[in-house]
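Only one structure is covered here, and it is reproduced in the block below.
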Amino acid sequence: MEYKLHLGAKTHTPSQLIVHSAFCKKKNDKETSLVLSGWDKDCKDAFYNLKNSDIFKATVGDTFYFSLKDGTTVLALGLGEKSKLNSETVRKEYAKLYKSIKGKYTDVSIQLDTFTGSKVKAEDSLYLLVEAFGLASYNFDNYLSKKQEAKLKKVHVDTASKSKKLNALIDKANNIVESVNVARDFVNEPPNVLNSVSYAKMVEKDVKGLKRVKTKILGKPELKKEKMGMFLSVNAASAHDPRLVHLTYTPKKVTKNTKHVILVGKGLTFDTGGYSLKPGGSMMNMKFDMAGSATVYGAFRAAVLNDSPIKITCLLGMTDNAVNEHATMPDSIVTARNGKTVEILNTDAEGRLVLGDVLSYASDLKPDVIIDAATLTGAVLIALGTEVCGVMGNDQKLCDELVKTAKETDEYAWQLPIIDQWRDDMKSNIADLKNIGGSRWAGSAKAAAFLENFVGKDISWAHLDIAGCGDSQSHLPYCPPKGASGTMIRTLVNYLMKK
Ligand code: BES
Ligand code: ZN
Ligand code: ZN
């Protein structure tokens, strides 16, 4: 999509469709029920000359198309009351707008100044426009013989403002959108194409476009050397060697106070459950078990492109969880990288085994903060539904910060506690730990209680369980109804852009 900003514009740039935001006033207001401030005079006149213009109330989702004398189509985009407008409404309405016009018009002019005086500033609405159009335009069509290309190619943005900073806003939003869509592509790739080896190569190729990033890829011999007994036990039956992708971003300016954040992602390219085999229905869509790694990679990518001021390391633990005669048997005891022994009672609780070793590796790099993202438990869907990301961790401040950042980003995240009883429940009689709890209750937090054992002392750590929100967010018009959602990437980027 090409965005063309017309700074200092006096009227709309000629295009096939002119979009004006329209607002309604409060019901008890005696004046006209519509707020059309910021509209061009000819549009206002044309609108009022229409006999049926009074059927348009400008409530959220209410749209009205009409024509100017010269044949141009104008759309009045209802956004409700100016004083009640919020960013998610703008994002959703722009996403719906994109979907309804993408197949009809080649170019569109958006009138930014119609937002003046509303709760969402005009410049913020520009950012939301780019976000919404970019996220809504995503379509996984790699394997479709007939691809449907959108007609809409050019978006003109008209504003009387002369602020050069608006162009930078477009770039910033575009970097995030592009990174979310790269992550969505990884998740949607089928497991016969995307395996640990090919996935690592795809990331390596994509990273080439990023500045100030170093790449290191660890394979089986290196993981053996690192004594990652848990990670390797998951890979035991795989046709593909495991990969640990290690990316390091160094910001332009580094001082001794520069914060170092490590992102860790679960990259299970397919989860059959292993010997603790999943039933057929539950195994379907388990290609999506690498969504945690795609999420942190997407966030890392966008933060790098947007010149994050902090040092960021990104660690992606990649393997599938397969089953053959080499597969790890339930009851096996393995030794983790940090020396703890773990009784594997259920080979389907494999994500925590991979993450545990990667968290220990991350801890040795002595960061200030570690955040992992994983499609870790089905239990998070029971606790928080399919829309909310579970947040857990060892540092209340960090958990608060992430929940707050999610709220600021219009994403849903909620914290679950880790209590001592659940920590105890993860202890085994014959090894230091076991990989499942004694009951299914509080399954997400028990998984987090397990992970906590592999995080170094004094390191702030938070765990994001995205098993629910990682895909099929059909309630969000800027997410595809099925397949990878890319949620929580924007939250992580916003977190990574703060000092
Ligand atoms: N990848 C799954 C978690 C999952 C389940 C993600 C459903 C998305 C949708 C994970 O590896 C797993 O199988 N977890 C088990 C843990 C259990 C054996 C303690 C689960 O949630 O059932
Ligand atoms: Zn599993
Ligand atoms: Zn899994």
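Summary of computed values
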read-out	value
Local electrostatic count at Pro191 - Lys and Arg +1, Asp and Glu -1, tallied over other residues with Cβ under 13 Å	-3
Positive minus negative residues near Lys99 (Lys, Arg vs Asp, Glu; Cβ under 12 Å)	+3
Column: log10 I(q)/I(0), Debye, Cα scatterers of the range 249-388, q = 0.11, 0.13 Å⁻¹	-0.48, -0.65
Where the Cα pairs of the range 179-270 fall when distances are cut into 5 Å bins, in %	2, 11, 20, 22, 18, 13, 8, 3, 1, 0
Distribution of pairwise C-alpha distances over the range 419-499, 5 Å bins, in %	3, 12, 17, 15, 16, 14, 12, 8, 3, 1, 0
Helical segments meeting 27 Å axial Cα length and Kyte-Doolittle -0.5 threshold in the chain (DSSP H)	165-188
Distance between modelled label sites at Ile430 and Met283, nm, 7 Å Cα→Cβ extension	2.8 nm
Heavy-atom SASA rank of His260, His6 (probe 1.4 Å, accessible area, largest first)	His6, His260
The range 298-378: C-alpha gyration tensor shape, a/c 1.5 cut-off, then a/b vs b/c	prolate
Globularity ratio of the range 321-449, using Cα Rg and 2.2 N^0.38 Å	1.12
Across Lys211/Lys457; Lys151/Lys499; Lys259/Lys427; Lys99/Lys121; Lys96/Lys211, pairs whose alpha-carbon gap is larger than 30 Å	Lys211/Lys457; Lys151/Lys499; Lys259/Lys427; Lys96/Lys211
Burial order of peptide ranges 235-243, 58-66 (average beta-carbon count within 10 Å, highest first)	235-243, 58-66
Apportionment of accessible area to carbon and sulfur, the chain, percent (1.4 Å)	52 percent
Surrounding net charge for Met392, when Lys and Arg each add one and Asp and Glu each subtract one, Cβ distance under 13 Å	-2
Three semi-axes of the equivalent ellipsoid, the range 2-161, Cα gyration tensor, whole Å, largest first	26, 18, 16
Reciprocal of mean inverse Cα separation for the range 70-135 (Kirkwood radius, Å)	12.5 Å
Alpha-carbon centroids, the range 203-253 and the range 138-181: separation in whole Å	31 Å
Zone of Lys227's modelled label, taken as backbone nitrogen in the range 312-337 under 16 Å from a point 7 Å along Cα→Cβ	334-337
Cα gyration tensor, the range 173-496 - rounded (a/c under 1.5), prolate or oblate	rounded
The chain - mean residue ellipticity at 222 nm from DSSP helices (-39,500 (n - 2.57) per run, n ≥ 4, rounded to 500)	-10000 deg cm²/dmol
Gyration tensor verdict on the range 150-191 (Cα atoms; rounded if a/c is under 1.5, prolate if a/b is larger than b/c, oblate otherwise)	oblate
Computed over the chain: relative contact order in percent, which uses C-alpha pairs under 8 Å that are six or more apart	15 percent
Mean accessible surface per residue for the chain, computed with a 1.4 Å probe while every protein chain stays in place, in Å²	44 Å²
For the range 2-161, size of Cβ-based charge dipole, Lys and Arg +1, Asp and Glu -1, in debye	340 debye
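The values are calculated or read from the model by the stated rules, or taken from the named source; none is laboratory data. Everything numeric here is computed off the predicted structure, so don't read it as measured data. Using ideal geometry, Cβ is built from the backbone for each residue, glycine included, and neighbour counts are taken over all protein chains shown. What goes into the accessible areas is simple: the full protein's heavy atoms, side chains included, and nothing from ligands, DNA or RNA. Shrake-Rupley method; radii C 1.70, N 1.55, O 1.52, S 1.80 Å.
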